[in-house]
Amino acid sequence: MGDSRYAYDENAQVWPYFVLSILIVITIPLFYSYIANFFAGSQRAKEDDKDYIKKKFDNYKTPIDKNLKKFESGAKKSKVFSRKFFVLCVLIVLISAVVQYAVSTSGGGFSSGGFDPFEILDISSSATEKEIKSHYRKLSLKFHPDKISRDTSEADKKELESRFVLINKAYKALTDEVTRANYEKYGHPDGPQQVTHGIALPKWFVEGQYSWILTLFYAASFVLLLPISVSLWWNNVKSYTKAGIHVDTAANFVSKLMNNNPAEVVKINTILKWISESKEFQLLYPNDSAENFYFLIQDYINRNFLEINSKDLDKTLRIVSMVPILIDGLIEIAATFRSNDIVSKAIETNKCIIQAVNPTVSKKYHHFLQLPYVELDKIDKKIECYTLEKFFNLADFEQKNFLNIQDDNKFQEIIEIGKKFPIIKLISAEFKVPGEKIVTPSSHAHLVLKILIKSPAQKGQIILNKESLIEEETLESLKNPFKIVSEQPPIPPTNAPFFPIKNRQHNGWYCSLILQRDNKLSDLPARITNLSFQNLNKDNKQFLNDGNLIVGTFKLQLQATTPPTIGEYHFRCNLKSLDYFGNDLDFPIKMKVEDPATLETQKTIFSDDEDEDEEENEDDSDFEQEQDTEESDFTDINTDTEDEG
Amino acid sequence: MTDYYLPITYDSTTKKISLTEDVSKSEWKDLQLEITQLNTLAAELISANTDIPKAPTPQSYNKHLSALMKKMHDSAVKSMKEKKYPEAIKQFSVGMEMNFRRPKFESFQMTLQEFIIFLIGRSEAYYLNGDYIDSFNDADLLCSLAASVPESHLRRGLSNFKLGNLIEAKSDFERGLSFNQDHKKLKEELENILKEISKQNGEDYYIKVVYEDEVEIQEEKEEEKKN
């Protein structure tokens, strides 16, 4: 060990393990996330919905198919062979190399630095003094230097001698007072040993001529890599909001909403103007103006692809692919302003982007532009048909004439895809306070929706079992009322032949609850992500007679507690699809807040103890008085508004 | 604190402020609006000839102007009855213009009430004249000015219906009903619109959901009839 207080890993026994543990610490989480990612992707295409997806992306080619393919191959190289995969491969190869090296060098064995007198004397730690003595005698006879035969080599001799010394020491440690005290205090019979620090690196690497490698490594990691990675991370955190949009974009949205003139109606084009001012676009294409982006998006939703050259088309697709994220950020911000108008217009804009449809231009026929091969100019506008449901009521030849498509194969594809269009129907809606039969004042309630997904081709009267719709309240469901919602399969991908990103994660419906009194959002809108589309695979006969029709559930947790005063409160519930035109739901819903105390007082009338009764009655009257005052406050507000009218 | 520089100048003879000439008007649109508002208020304050304008109470409200406006409203209603809708629209609009020009330091509550009365009339006149977009615009304004009045929503819903926005009309009627559940006309219109919507959807807007026990009851009834 010389003068150095450090014990270097000269035999290369420890450092492979040191490196191995570092590699494993990196590899295992990376491997886990890689596997999880891989399975999350495949889980989206669940068994039930596989058929649904396959049928959706069939033969239809959009006029921009070439550019779409190019975009897709550029954006998503391959899910399995991603960059992560290569990093993983390199790490695994490194690990196996290190393991091999460690195994090949471990033959020498370890010279244990510890001193265990029991082991040396080959006795159990509970041995008596007598046993120790007898074992010592046996061993010292065996290893005594005088007993060694002369044939043994010099090296063996030395080893045997040292063994003898050790045996002596061990015996002393267990019998002699002083040595024993030394052993107990310092772990060695000779007293304190030199303290050494093990370094899992060979000496030449630290003190030899190659020490510059280590210095360089330290310099690179602590002076360059650490500050750079921290600053990069912080920059990213600083310049992007939680919703994933640039802070400048978010600030722009906020200022638009703050300065929004209530007399001016927010239209889809207004939203698109706001979106095209986003910082994200400027960062991507610094030479273009917001106006230019706006025109590119307009060209896309109007499907004016012939006038755009291929390079601009690529740019358009790149921009358009980012719009849904921006719209989502806008929705989140507008929701905090409680602005129902802007939230619903933003969702409407999202549909335009996903389907490449402009409802202001296509008037009432935009539902049909979501089908393949259909062109606005060709639709026979003499036939009064504005919805897919009506369309499926027409006879075959009427349908062909209406869309002006005579090719049978094309027509069949249209019908197939039209049939898979998810129409949403409301079965029941109610407010629920977990564990209560009624909606109690000042409690946490949620809205429970029972929804039926059906194809526009399915018609008639269906019979549902009322009891199957009632959720039993078990301890489990009281703990987490939303479990039933998340257990449903995720919503399958949208049929959107023009939108550049297939298999979009962000689809479904937005559910918003609006106060009828002031037409503002009463809560943050929530997205419906899980809902079975299995009903779409049934033909009409199956649909009507099947006892196993799937009724979906969605629950919206109300952020605010229910009103403290008893009465009826009127809401409007709005389910707006992010993907399709013509499958929204809009219905009024009443929240009836009742007082659980009235039920309790009825019980106490029959109680025997009169004193208690009086007390409780007093309590009740106090409570009622409080309510009265609150109610009068409320009516004050009401009369004010009536005065205006 | 950040110092802001605003491109404005003050003209002492007209006693008005204005944008400096070196800036573009479209860029400073919002400032221009505020300047106009300020100038109007200042001009009124100067012409009032008092240091402090009268308190905006209902008592200090200019009764003479109110009478004039009542007359205008009456004649407009008379034109409506004679089915001279374009004339009625004109008269309502003039009445609203008069309302705008009332002294700015008067009670706004009273002014607003007066304005709403004219707005109701004009929305109806537009509707009867077949100008559904204008009728919708007035009704839309009514829905935000007098939201708790069911009739505002009835008007908006009717205009939406005529414009072909059936779903919007439905939610208008529903919102109106939330303020008065027994409103006869609103109930009627809601029923009507639901029929229209199901017609547009091929008789299928409300897929009929029947519960099993109800089916049994129906069957029992039918059997009773047979017996």
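The values are calculated or read from the model by the stated rules, or taken from the named source; none is laboratory data. Keep in mind the model is a prediction, meaning the values are calculated, not measured. Don't worry about glycine lacking a Cβ; one is built from the backbone with ideal geometry, like all the others, and counts go over all protein chains shown. The area values use the complete protein model at the heavy-atom level, side chains included, leaving out ligands, DNA and RNA. Shrake-Rupley method; radii C 1.70, N 1.55, O 1.52, S 1.80 Å.
Take the conditions assigned to a helix (DSSP H, G or I) and open to solvent by 10 Å² or more (accessible area, probe 1.4 Å) and apply them to A:Q505. Does it pass?
Here the answer is no, as A:Q505 does not meet what is asked.
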Given (1) free of Cβ contacts under 8 Å to residues at least 24 places away in the same chain; (2) open to solvent by less than 50 Å² (accessible area, probe 1.4 Å); (3) over 29 Å from B:P56 (Cβ atoms), index of the condition B:A139 fails: (3)
Unmet requirement for A:E154, which otherwise passes all of (1) at pLDDT 80 or above; (2) open to solvent by 90 Å² or more (accessible area, probe 1.4 Å): (1)
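If I go through the range A:241-277 residue by residue, how many of them are within 14 Å of chain B (Cβ to nearest Cβ) and either basic (K, R) or within 19 Å of A:I297 (Cβ to Cβ) (or both)? I'd like the intermediate steps shown before the answer.
Taking the range A:241-277 first, the residues within 14 Å of chain B (Cβ to nearest Cβ) are A:255-256, A:258-267.
Subsequent filtering for residues that are either basic (K, R) or within 19 Å of A:I297 (Cβ to Cβ) (or both) retains A:256, A:266-267.
Total meeting the criteria: 3.
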Residue ID - farthest from the other protein chains (Cβ to nearest Cβ), chosen from residues in the range A:386-400 that are surrounded by 16 or more Cβ atoms within 10 Å (Cβ to Cβ) and not in a loop (DSSP other than H, G, I, E, B): A:K400
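Of the residues in the range A:468-484, how many are within 14 Å of chain B (Cβ to nearest Cβ) and either open to solvent by less than 20 Å² (accessible area, probe 1.4 Å) or hydrophobic (A, V, I, L, M, F, W, C) (or both)? Talk me through it step by step, then tell me what you get.
Filtering the range A:468-484 down to residues within 14 Å of chain B (Cβ to nearest Cβ) leaves A:468-470.
Still in the list and also either open to solvent by less than 20 Å² (accessible area, probe 1.4 Å) or hydrophobic (A, V, I, L, M, F, W, C) (or both): A:469-470.
Of the residues in the range A:468-484, 2 are within 14 Å of chain B (Cβ to nearest Cβ) and either open to solvent by less than 20 Å² (accessible area, probe 1.4 Å) or hydrophobic (A, V, I, L, M, F, W, C) (or both).
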Evaluation of B:Y10 against (1) aromatic (F, W, Y); (2) in a loop (DSSP other than H, G, I, E, B); (3) in contact with a strand residue (DSSP E or B) (Cβ under 8 Å, 6 or more places away or on another chain) (one fails), failing number: (2)
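Here's the yes/no breakdown for (1) over 29 Å from B:G202 (Cα atoms); (2) within 31 Å of the chain's Cα centre (by Cα); (3) in a loop (DSSP other than H, G, I, E, B):
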{"residue": "A:S532", "(1), (2), (3)": "no, yes, yes"}
{"residue": "A:Q542", "(1), (2), (3)": "no, no, no"}
{"residue": "A:L556", "(1), (2), (3)": "yes, yes, no"}
{"residue": "A:T562", "(1), (2), (3)": "yes, yes, yes"}
{"residue": "A:H570", "(1), (2), (3)": "yes, no, no"}
{"residue": "A:Y580", "(1), (2), (3)": "no, yes, yes"}
{"residue": "A:F587", "(1), (2), (3)": "no, yes, no"}
Output for the range B:125-138, where each listed residue is closer than 15 Å to B:F161 by Cβ and of a type outside the set (F, W, Y): B:L128, B:G130, B:D131, B:I133, B:S135
Filter result for A:I528 (under 30 Å from A:R318 (Cα atoms) and not basic (K, R)): yes
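Could you pull out the residue among B:I167, B:I133, B:I193 that is within 14 Å of chain A (Cβ to nearest Cβ), out of contact with any Asp or Glu (no Cβ under 7 Å at 6 or more places or on another chain), open to solvent by 50 Å² or more (accessible area, probe 1.4 Å) and in a helix (DSSP H, G or I)?
Numbers: B:I167 fails: out of contact with any Asp or Glu (no Cβ under 7 Å at 6 or more places or on another chain); B:I193 fails: open to solvent by 50 Å² or more (accessible area, probe 1.4 Å).
The unique qualifying residue is B:I133.
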Unmet criterion (only one of (1) in contact (Cβ under 8 Å) with a residue 24 or more places away in the chain; (2) over 18 Å from B:Y85 (Cα atoms); (3) aromatic (F, W, Y)) for B:Y132: (2)
Subset of the range A:365-384 (residues that are modelled with pLDDT under 85 and either closer than 23 Å to A:L536 by Cβ or within 13 Å of chain B (Cβ to nearest Cβ) (or both)): A:I383, A:E384
Lone unmet requirement of (1) out of contact with any strand residue (DSSP E or B) (no Cβ under 9 Å at 6 or more places or on another chain); (2) touching a residue at least 24 places away in the same chain (Cβ under 8 Å); (3) buried (at least 22 other Cβ atoms within 10 Å of the Cβ) for B:R156: (2)
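This table checks each residue for (1) modelled with pLDDT under 90; (2) within 14 Å of chain B (Cβ to nearest Cβ).
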position: A:A560; (1), (2): yes, no
position: A:L578; (1), (2): no, no
position: A:D608; (1), (2): yes, no
position: A:D611; (1), (2): yes, no
position: A:D622; (1), (2): yes, no
position: A:D643; (1), (2): yes, yes
Residues being more than 30 Å from A:K61 (Cβ to Cβ), aliphatic (A, V, I, L, M) and either more than 14 Å from chain B (Cβ to nearest Cβ) or under 16 Å from the mean Cα position of the chain (by Cα) (or both) - total across the range A:485-527: 4
Matching residues in the range A:438-467 - criterion: being open to solvent by 20 Å² or more (accessible area, probe 1.4 Å) and either basic (K, R) or at the interface with chain B (Cβ under 9 Å from one of its Cβ atoms) (or both): A:K459, A:G460, A:Q461, A:I463, A:N465, A:K466, A:E467
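Please go through the range A:254-306 and pick out each residue that is in a helix (DSSP H, G or I) and of a type in the set (S, T, N, Q). Explain how you work it out, then say what you get.
Residues of the range A:254-306 that are in a helix (DSSP H, G or I), as a first pass: A:254-258, A:268-276, A:279-284, A:290-301.
Correct list: A:S255, A:N269, A:T270, A:S276, A:Q282, A:N292, A:Q298.
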